[in-house]
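Notes to accompany the following structure.
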Amino acid sequence: MPCLVSPLERANGILRLHDLPLRIRVRRHSQWLSVYEILPGGGTRERAMRGYSAQSDADVQRLCDSLVEQGRSDRPQLWTALAEPSAGSAAHLAAPCWPEICAAVVAFQRGQGVNMNLVGPFKGKGYFCLLPADRAATEEDVRRFALHTSESLKARLEDPTATLLPMATHRQGFRQKREVVSLLRRAGYGAIAPESLSEELKGMVNRKKGALVAAGESRRRIPSTAAIREWLDQVVEEDPLWGWVFAMVATYGLRPHEVWHIAELPDEQGMVSIGVAARHIKVTKTGFRVALPLPAEWVNRYQLGGENGEQRLEELRRRYVPKFVNEDGQPFDPECDLVKRCDNNERLGAVCCHKLRSSDAKAEFELKTKLYAWVETAPAQGKKKAQKRKERCVPYDLRHAYAIRARETTTWNYADVAAVMGHSPEVHRRTYLSEITGEQTKASVARRMLGDQSEAA
């Protein structure tokens, strides 16, 4: 009768019987076996064991015997010395490999307690986890990751002759790749993710933006207040839930994912609370804040509060469930965990984007009622007047419209607007007010200056 237990399973069973925190693994795209260690305190490390072939059952048993013998010694932590050095390479062995880097980056980001979405390439079937474990990580690995699409990178791993496709610099994915490079550097791996690489990637984006500005292209499609109101009226009729969601985004200038994290619906003054007012609980991008409605009459027009608001919020959370985790990335348990984070904000925001406009979503998932804005471009050759065209909006355009509406129709200074929108005054001035038109600036100055004079009179 054939043996149902593989040599690898048998070897790991022996390690388990000897109570060793070590396991032998066969890693994809590597010719060598690797050893995975669980460190005291919950950390992990993994090292490729050169000289122990992943294709040899005898080497599996030989490595297992060596680990058991090393575990009985006075210095069991020196199991990494069992690997045979390759030609010319004490320094090569000292250089970190991708399994070690992946574990360290995930642990680092968990310790920071922010944006665990960035560690996707470092865990599971992420790109860096698929790279060979038997060689040192290089800057070229990181550069290749940043400049090419994920699909073509994985295809290249399967077939070395596959073509690598360049990543479009205007896509959200390219921005995330830049943040991944920055994360590697902050986690202590600046040797393979130098500042010069980040500057190079930033320059690629700036060249794209410069070309758009030179062509008179607007980076945002900012719909007018009247266009938003007319569109919301139709969406509420088409889909009451999503009508309520987008009305919340437009009325309070929310980030799309923040709708899931509304702590208090509109009160008598129309104010809503976003997130939880505790330093150890951070379920949104910038933590707890209070948001104000603009215009205030939309609160009643779209029934954002009261019983309707409670029902819509409950339905939204039931359809698309927020994933809360503790500081270790494990499911949050209110009975024993203090730290609470939301691990899938990016996915929740993507749901909103796909509802409004997305090249990735199925057409039937999108709302039938579209939101458009007029975009002004540079005059055509031989023409004096600027050209205008209609383009479809995305959810973040509603947030930008709120910022411009606040500038145009209120006497709030931009630091106050930045506070209720959940970012710094510098970000507000540089990013959100960059799209304001001359007419809107004139209306803002008239309201602020002439309004003050009339009050003084």
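Read-outs throughout are calculated quantities, based only on the coordinates presented, and are distinct from any laboratory measurement. The structure displayed is predicted, hence computed values, not measured ones. Counting neighbours? That spans all protein chains shown, and the Cβs are built from the backbone with ideal geometry, glycine included.
Of note:
- Cβ-to-Cβ counts within 10 Å put LYS355, LYS123 in ascending order as LYS123, LYS355, the fewest first.
- Inter-label distance for ALA95 and ASN308, nm, one decimal - labels placed 7 Å from Cα along Cα-to-Cβ: 6.3 nm
- Links that overshoot a 22 Å alpha carbon limit, given the list LYS154/LYS323; LYS125/LYS355; LYS123/LYS323; LYS355/LYS390; LYS202/LYS370; LYS154/LYS202: LYS154/LYS323; LYS125/LYS355; LYS202/LYS370; LYS154/LYS202
- Highest to lowest packing among 339-348, 136-145, scored as the average C-beta count within 10 Å: 339-348, 136-145
- Amide hydrogen proximity for MET49: with H placed 1.01 Å from N in the peptide plane, the residues at 5 or more positions away or on another chain lying under 5 Å are LEU33, SER34, VAL35.
- Per-residue packing, averaged as other Cβ atoms within 10 Å, sorts the ranges 6-19, 260-273 into the order 260-273, 6-19, beginning with the highest.
- For the pair ARG45 and GLN176, a Förster radius of 35 Å applied to the C-beta separation gives a FRET efficiency near 0.85, rounded to the nearest 0.05.
- Residues whose amide H lies under 5 Å from that of LYS323, counting only those 5 or more places away or on a different chain, are ASP343, ASN344; hydrogens are built 1.01 Å from N in the peptide plane.
- Sequentially through segment 258-263, phi angles give Karplus couplings (6.51, -1.76, 1.60; θ = phi - 60°) of 5, 4, 5, 10, 5, 8 Hz, Gly and Pro residues having no value and appearing as x.
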